[in-house]
């Protein structure tokens, strides 16, 4: 992959402007919020979302282990306390949905929650959505996505119907690690989806070429999974000292550097790193504050990480 | 699954190593002291394999069958399935193996072997002994907690390995029928542990390979 980005300065400034607008539009939530949380507007509604959310792949699949469930609830508490809103899961993630429900109940159902889940079945999608809702124990999902495009031809009409009936607020599709991008593009062009979820990080930038520009053109929000390559990217860079330029974008650690790279693309709505650590979720949420890198800094970040 | 060639083993791992081994820790605490009973049953199997009574194959088959059925329900179905939806299907496989052992070994008496230890398959005996004593010690030796130890009769890996050893000693023409699922489990657990980066990932697959090669060589 060539060390280039498709983000020019004007585009970046437009995106930062949208982030600023998001600050103004941010709804009041019941949890304490940092003063300068960077948000992005959901293109189809204008609703503001913090640019950092919380994933649950592997990390929240702790089964019936009470101590581990409490640990996940602590992570969720720190997430909401830091101004977070979007939590993402899937029926594929085994007990993760149930653990999220446990945490939400323990935290008193935080009003700030933006609940994002997926439908992952080849049939009876509506039943699965209802089952997932019961795991979370919420009134409705904010966002329901078709997981890895599985049976999307059947599920998208069903999800659009649910959205029209007020049973969902947004509809999306997902993929990961660069799979089926051609099909993703076709759906983005042909279906009135609100969100697309794809993999993006400082080393995996394929979506910059077509998906992200298309999302901007079509007014589709973008959720970013695997911003740390499931931790592999963090482990790779952690062996190296934090570069001096990290201070110029208000980063105190590598996690914030990597997340700010993702969040600084103006087409990105929210990145969803997953963690089991309260310290790490606080670090991650720190990436939703302070300055974001400009285009020159983004190129510098790519060159630096690729050289490690 | 489209673009299946782009998937890695790690894409199918739904849980962390910490969660996986905590599962054994909580399971062991829940069923304690059943582990002592199953270890005693394992020792009894070893003794029976070396004795001459005609009925011993049936008893060994019944004990193993009950162990497989227990693991199908108590471990895979009731606990492992909470963090791995595929464990529900694995539970069915373990239940089938348990029923096969009962049917072929107890009902049909197809697990006979040379009497009085004469001509007893020493490789099979060694594998049973390893499953009872050696395999459970690997975890603590490589740094895992004693509370997470995997014991014959209640944990799938040593039970599958011990079953392969018993089958080398006892199952004649029924060997492949009864060994297919234990061998398959050795492959599955090896892949799971390998993906988690466990240093003992190759133990069960290697035992399965030894069993298959030894059995084929002995049949020549």
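The values are calculated or read from the model by the stated rules, or taken from the named source; none is laboratory data. Every value quoted in this text rests on a predicted model; they were computed, and no experiment measured them. Heads up, the Cβs are rebuilt from the backbone with ideal geometry, glycines too, and the neighbour counts pull from every protein chain shown.
Test of understanding: among B:19, B:6, which residue is surrounded by 15 or more Cβ atoms within 10 Å (Cβ to Cβ) and either more than 17 Å from the chain's Cα centre (by Cα) or within 30 Å of residue B:112 (Cβ to Cβ) (or both)?
B:19
For region A:101-118, how many residues meet the condition of being more than 23 Å from residue A:171 (Cα to Cα) and either buried (at least 21 other Cβ atoms within 10 Å of the Cβ) or modelled with pLDDT under 95 (or both)? Step through it out loud before you land on a result.
Taking region A:101-118 and keeping what is more than 23 Å from residue A:171 (Cα to Cα), we get A:102-103, A:105-108.
So of that shortlist, the ones also either buried (at least 21 other Cβ atoms within 10 Å of the Cβ) or modelled with pLDDT under 95 (or both) come out as A:102-103.
Selection size over region A:101-118: 2.
State which residue is nearest to the other protein chains (Cβ to nearest Cβ) when the search covers only region A:260-282 and only residues that are assigned to a helix (DSSP H, G or I) and closer than 16 Å to residue A:226 by Cα. Walk me through it before giving the result.
Restricting attention to region A:260-282, the residues satisfying the condition of being assigned to a helix (DSSP H, G or I) are A:260-263, A:278-282.
With the extra rule that they be closer than 16 Å to residue A:226 by Cα, the set shrinks to A:260-263, A:280-281.
Details: A:260: 26, A:261: 23, A:262: 21, A:263: 25, A:280: 14, A:281: 16 Å.
So, considering only residues that are assigned to a helix (DSSP H, G or I) and closer than 16 Å to residue A:226 by Cα, the one nearest to the other protein chains (Cβ to nearest Cβ) is A:280.
Does region A:258-276 contain any residue that is farther than 28 Å from residue A:148 by Cα and surrounded by fewer than 19 Cβ atoms within 10 Å (Cβ to Cβ)?
no
In region A:161-170, which residue that is assigned to a helix (DSSP H, G or I) and touching a strand residue (DSSP E or B) at 6+ places or on another chain (Cβ under 6 Å) is nearest to residue A:132 (Cα to Cα)?
A:162
Going through region B:68-86 one residue at a time, which ones are within 14 Å of another protein chain (Cβ to nearest Cβ), surrounded by 20 or more Cβ atoms within 10 Å (Cβ to Cβ) and in a helix (DSSP H, G or I)?
B:75, B:76, B:80, B:82
Hey, among A:146, A:129, A:62, which residue is at pLDDT 95 or above and within 12 Å of chain B (Cβ to nearest Cβ)? Step through it out loud before you land on a result.
Working: A:146 fails: within 12 Å of chain B (Cβ to nearest Cβ); A:129 fails: within 12 Å of chain B (Cβ to nearest Cβ).
Being at pLDDT 95 or above and within 12 Å of chain B (Cβ to nearest Cβ) holds for just one of A:146, A:129, A:62, which is A:62.
Condition check ((1) outside any helix (DSSP H, G or I); (2) in contact (Cβ under 8 Å) with a residue 24 or more places away in the chain; (3) closer than 21 Å to residue B:34 by Cβ) across all residues:
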| site | (1), (2), (3) |
| --- | --- |
| B:150 | yes, yes, yes |
| B:166 | no, yes, yes |
| B:178 | no, yes, no |
| B:186 | no, yes, no |
| B:194 | no, yes, no |
| B:215 | no, yes, no |
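When region A:172-210 is examined, which residues are found to be under 28 Å from residue A:237 (Cβ atoms), free of Cβ contacts under 8 Å to residues at least 40 places away in the same chain, surrounded by 22 or more Cβ atoms within 10 Å (Cβ to Cβ) and away from chain B (no Cβ under 13 Å)?
Residues satisfying the conditions are A:196, A:198, A:207.
Inspect all residues belonging to region B:108-125 and state whether any of them is buried (at least 16 other Cβ atoms within 10 Å of the Cβ) and either in contact with a strand residue (DSSP E or B) (Cβ under 7 Å, 6 or more places away or on another chain) or at pLDDT 95 or above (or both).
Within region B:108-125, none of the residues are buried (at least 16 other Cβ atoms within 10 Å of the Cβ) and either in contact with a strand residue (DSSP E or B) (Cβ under 7 Å, 6 or more places away or on another chain) or at pLDDT 95 or above (or both).
Please work out if residue B:65 is in a helix (DSSP H, G or I), buried (at least 19 other Cβ atoms within 10 Å of the Cβ) and modelled with pLDDT under 95.
Judged against the criteria, residue B:65 is not a match.
Tell me, which residue of region A:85-95 that is buried (at least 24 other Cβ atoms within 10 Å of the Cβ) and within 15 Å of the chain's Cα centre (by Cα) is farthest from the other protein chains (Cβ to nearest Cβ)?
Per the criteria, the residue is A:85.
Run residue A:98 past the list (1) surrounded by 24 or more Cβ atoms within 10 Å (Cβ to Cβ); (2) within 11 Å of another protein chain (Cβ to nearest Cβ); (3) assigned to a helix (DSSP H, G or I) and report the number of the one that doesn't hold.
The failed condition is (1).
Would you please name the residue that is farthest from the other protein chains (Cβ to nearest Cβ), looking only at residues in region A:211-227 that are assigned to a loop (DSSP other than H, G, I, E, B) and crowded, with 22+ Cβ neighbours inside 10 Å?
A:220
Assess whether residue B:49 counts as being under 19 Å from the mean Cα position of the chain (by Cα), modelled with pLDDT under 95 and more than 30 Å from residue A:180 (Cα to Cα).
The answer is yes for residue B:49.
Within region B:3-21, how many residues are at the interface with chain A (Cβ under 7 Å from one of its Cβ atoms) and either at pLDDT below 85 or assigned to a helix (DSSP H, G or I) (or both)?
3
Kindly indicate whether any position in region A:70-84 is surrounded by fewer than 20 Cβ atoms within 10 Å (Cβ to Cβ), farther than 27 Å from residue B:25 by Cα and within 14 Å of another protein chain (Cβ to nearest Cβ).
No, the conditions are met nowhere in region A:70-84.
If you scan region A:131-148, which residues turn out to be more than 20 Å from residue A:270 (Cβ to Cβ) and part of a helix (DSSP H, G or I)?
A:131, A:133, A:134, A:135
Please determine, by comparing only the residues of region B:175-187 that are more than 11 Å from the chain's Cα centre (by Cα) and surrounded by 17 or more Cβ atoms within 10 Å (Cβ to Cβ), which one is nearest to residue B:9 (Cα to Cα).
B:178
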